[in-house]
Ligand code: SF4
């Protein structure tokens, strides 16, 4: 797995330290949204390894039970239930409102690539 780095304001580069990486079971990837721009949100991960300095989502830490700094933990959501696409007809879905669902852990856990709804459509999907 590639290691991510970040640069400070003086362009000094540091590796991102990930202290906690664990899998958690969830009932559904879909969460009803209170955001004005979306009916549902999908966040396949809790936390975000990028740990951006100006992250708008770091407030989420207080709902996770994690003591680590934002950017130093990630929970990988496992869910057996398929995403109910019928329920999403004429609805808007905000993917990754409080994480990056294509972060470096995706290479290891394949959460998005295992779910058709979350998959990035590529050339080999024969879709136009
Ligand atoms: S959620 Fe977005 S802004 Fe926040 S750390 Fe991840 S990539 Fe950065």
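Once the Cα-Cα distance is subtracted from the 0.36 nm per residue extended length, the residue 113 to residue 55 segment shows a gain of 18.4 nm. Working note: 222 nm ellipticity from helices only, DSSP H runs with n ≥ 4, each -39,500 (n - 2.57), summed and divided by the residues of the chain, gives -500 deg cm²/dmol to the nearest 500. Fully extending the segment from residue 63 to residue 22, taken as 0.36 nm per residue of separation minus the present Cα-Cα distance, adds 13.2 nm. Taking 0.36 nm per residue of separation and subtracting the current Cα-Cα distance, fully stretching the chain between residue 32 and residue 86 would add 18.0 nm.
Rounded to two decimals, what is the ratio between the C-alpha radius of gyration of the chain and 2.2 N^0.38 Å?
Cα-based Rg divided by the globular estimate yields 1.13.
Taking the chain as a Gaussian network of alpha-carbon nodes connected by springs under 10 Å, the highest mean-square fluctuation of the residues 94, 59, 105 belongs to 59. Sequence-distant contacts, meaning Cα pairs under 8 Å at least 6 residues apart, place the relative contact order of the chain at 31 percent.
Each value in this text was obtained by applying a stated rule to the coordinates, not by laboratory testing. Model, not experiment: these values are computed from the prediction.
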